[in-house]
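The block underneath contains the structure these notes are about, expressed in structure tokens.
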Amino acid sequence: MANTILVGAQWGDEGKGKIIDVLTTKADVIVRSQGGNNAGHTIVHGGKTYILHLIPSGILRRGKVCVIGNGVVVDPIALVNEIEQLRRAGLKINKNLLVSDCAHLVLPYHRALDEQRELRTGRAKIGTTKRGIGPAYADKAARTGLRVSDLMQPRLFSKKLQAKNRENNAVLRALGAKAIDHDEVNKSYLAAATKLRPFVANTVVYLHQAIERRKNLLFEGAQGTFLDIDHGTYPYVTSSNTTAGGASTGTGVPPNRIDRVVGVMKAYTTRVGEGPLPTEDRQLSDLLHSLGREFGATTGRARRCGWFDAVATRYAALVNGIDEIAITNLDGLDTVDPIRICVGYRLNGKRLGVPPCDAVQLDNCEPIYEEMPGWNQSTTSAKKLSQLPRATRDYVKRLGELTGAKVSIISVGPTRAQTIFL
Ligand code: GDP
Ligand code: IMO
Ligand code: MG
């Protein structure tokens with residue numbers, strides 16, 4: 001399989017967890033390179049639903065090593081909870097998980113600041129997951145963050161935490177929020193440190209040794225292209241590089257060691273949180289929600305839904321260098337007829353083929369649609385392309401053409417078996 005990056009080509013929640021789980025059969029090491037527990041990756045297997053936030057989705061398969069890379073922001077309490085929850089579900093987690101010593105920590109003041117900023121901006125809020133992700137990355141960029149390596153040195157950690165906590169409490173008080181108790185945080189984080197110590201490693205060296213031993217690496221993107229801090233719908237984005245380049249900086253594996261980029265996209269579009277979504281459609285949202293679909297895996301919020309936006313996915317193919325496409329949730333359109341695809345935007349009387357950089361302009365873009373007939377039957381038991389209705393195959397083909405890459409995987413349900421390889 002070689003070394004593969006898997007990225008979300010839309011606004012997150014494309015079904016990356018499911019596709020990673022499927023591709024893991026051919027991978028040896030599964031690596032997260034960015035984001036934190038704002039991610040929620042769902043895998044449905046053996047009648048159980050697993051939602052992974054920090055641990056790579058390869059953890060369900062035996063004999064695979066999962067790596068949390070240097071670019072991830074780690075909330076140690078959340079990570080310990082996730083490990084314990086998976087152990088309770090019967091999974092073994094010991095030598096199959098590594099956490100970078102260079103990864104930055106999410107601390108309680110990051111969460112409190114995230115919450116305050118969202119509260120205070122009112123209608124201009126971003127609609128974050130309130131996991132403290134933005135403030136943690138802001139500290140990293142400001143060179144004032146605490147890292148996993150600090151947490152592994154209790155005395156040093158306590159000292160650094162005290163100074164940072166004091167500084168942030170001044171800000172929190174000024175915002176009218178409750179101050180955070182140093183002793184409480186110190187105690188709970190050091191307890192988490194004891195549990196995490198066995199997993200902490202220089203993951204850069206580990207990954208390079210794995211490459212030398214000809215192991216196959218699978219990089220698990222979190223969020224999606226249009227939530228990228230540089231290429232997304234700024235400021236309605238997350239605080240990391242969710243696009244393919246982030247896989248290199250967030251792991252220390254250079255670009256010339258990457259062989260392939262797979263872009264995951266839903267057969268329609270969803271977004272959770274605020275910000276422009278040109279193809280948003282109320283009726284389609286209502287339909288998908290009435291089917292019990294499209295509720296957030298991390299926050300439970302109802303996702304906003306819209307038609308497939310080929311302007312967006314074509315741009316995603318460009319930015320990420322997408323070689324192959326995995327289309328998920330095709331079955332979500334089983335009862336929709338006709339089906340619309342956005343093939344261009346109209347802004348101030350002009351036709352655009354790429355999304356404008358400015359979020360207000362993007363919000364003002366009117367989608368130009370083409371329509372295709374629906375197939376009006378269930379696709380969820382199809383095992384091969386030939387078992388899909390003609391109209392479904394035509395739709396898939398069109399999505400590939402418009403995006404400009406080869407469709408290699410089609411997903412027609414949440415389980416492993418509901419996957420068609422082309
Ligand atoms: P991720 O963040 O990209 O991993 O995606 P999420 O797990 O947040 O959301 C995707 C949702 O779609 C989850 O509930 C998955 O179980 C589900 N899912 C993935 N692929 C399919 C599919 O082809 N059909 C259906 N019905 N559900 C799918
Ligand atoms: P996965 O990996 C969908 C969104 C939030 C908000 C914005 C910023 O499951 O696809 P943050 O908490 O990161 O500061 O929030 O980004 N967001 C996601 N949306 N899927 C995700 O992850 C997301 N992670 C963050 O809703 O709009
Ligand atoms: Mg998700």
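The values are calculated or read from the model by the stated rules, or taken from the named source; none is laboratory data. From a predicted model like this one, the values you see are computed outputs, not experimental measurements. Methodologically, a virtual Cβ is constructed for each residue, glycine included, from the backbone with ideal geometry; neighbour enumeration extends over all protein chains shown. Surface accessibility is based on the protein's heavy atoms, side chains included, excluding ligands, DNA and RNA. Shrake-Rupley method; radii C 1.70, N 1.55, O 1.52, S 1.80 Å.
Taking θ as phi - 60° and the Karplus parameters 6.51, -1.76 and 1.60, the scalar couplings of the range 339-346 work out to 10, 9, 10, 7, 10, x, 10, 10 Hz in sequence order, x denoting glycine and proline. When both the range 285-308 and the range 371-395 are represented by their alpha-carbon centers, they are found 22 Å apart.
In the calculated pair-distance distribution of the chain, the portion above 41 angstrom amounts to 14 percent of the Cα-Cα pairs. Within the straight-line cut-off of under 20 Å between alpha carbons, the aspartates and glutamates reachable from Lys16 are Asp28, Glu82, Glu220, Asp228, Asp259, Glu294, Asp309, Asp323, Glu324, Asp331, sequence neighbours fewer than 8 places apart in one chain being disregarded. When each of the peptides 69-78, 134-143 is scored by the mean number of other C-beta atoms lying within 10 Å of its residues, the order from highest to lowest reads 69-78, 134-143.
Under a model in which nothing but the beta-carbon of Lys, Arg (+1) and Asp, Glu (-1) is charged, the chain shows a dipole of about 1200 debye around its Cα centre. With contributions of -39500 (n - 2.57) from each DSSP H run of at least four residues, the per-residue ellipticity at 222 nm computed over the chain stands at -10000 deg cm²/dmol. With angles folded into 0 to 90 degrees, how steeply does helix 182-196 sit against the dominant principal axis of the chain? Use alpha carbons for both and round to 10. Value to nearest ten degrees: 70. Spread over its residues, the convex hull of the C-alpha atoms of the range 104-196 is 91 Å³ per residue. From the alpha carbon centroid of the range 106-176 to that of the range 48-65 is 28 Å. For the peptides 309-315, 205-211, 240-246, the ranking by mean Cβ contacts within 10 Å, running from highest to lowest, is 240-246, 309-315, 205-211.
Subtracting the Cα-Cα distance of Ile51 and Ala174 from 0.36 nm times their residue separation leaves 40.6 nm of extension gain. Only the Cβ atoms of Lys and Arg (+1) and of Asp and Glu (-1) were treated as charged; on that basis the dipole of the range 247-372 about its Cα centre amounts to roughly 320 debye.
Counting only protein heavy atoms and a probe of 1.4 Å, the accessible surface of the range 104-196 is 51% carbon and sulfur. Classify the range 132-173: rounded, prolate or oblate, from the alpha-carbon gyration tensor (a ≥ b ≥ c, eigenvalue square roots; a/c under 1.5 rounded; otherwise prolate if a/b is larger than b/c)? Oblate, since a/c reaches 1.5 and b/c is not below a/b.
Find the relative contact order for the range 264-421 and round it to a whole percent, using C-alpha pairs within less than 8 Å whose residues are 6+ positions apart. Working shown, then result.
Values: 301 pairs, mean separation 40.8, N = 158.
Answer for the range 264-421 is 26 percent.
In this structure the chain gives 43 Å² per residue of accessible area when probed at 1.4 Å with all protein chains present. Contact order for the range 104-196, expressed relative to its length and based on alpha carbon pairs under 8 Å spaced 6+ residues apart, stands at 29 percent.
With a 10 Å radius around each residue's Cβ, average the other Cβ atoms per peptide and rank 32-41, 294-303, highest first.
Going from most to least packed, we get 32-41, 294-303.
For Lys215, a cut-off of 21 angstrom between C-alpha atoms picks up these lysines, skipping any fewer than 8 places away in its own chain: Lys26, Lys64, Lys95. When only Cα pairs below 8 angstrom with a gap of at least 6 residues are kept, the chain shows a relative contact order of 20 percent. Compared with the dominant Cα axis of the chain, that is its longest principal axis, helix 154-174 is turned about 70°. Shape of the range 1-114 from its Cα gyration tensor (a ≥ b ≥ c, root eigenvalues): rounded if a/c is under 1.5, otherwise prolate when a/b > b/c, or oblate? Rounded shape, in that the Cα axes give a/c under 1.5. Relative to the dominant Cα principal axis of the chain, helix 310-320 is inclined by about 50°. In summary, the aspartates and glutamates within cross-link reach of Lys160, defined as a Cα separation below 17 angstrom excluding same-chain residues under 8 places away, comprise Asp75, Asp101, Asp139, Asp150, Asp181, Asp183, Glu184. Exceedance of the 19 Å cut-off in Cα-Cα distance is limited, within the set Lys159/Lys187; Lys266/Lys406; Lys140/Lys164; Lys18/Lys125; Lys266/Lys397, to Lys18/Lys125.
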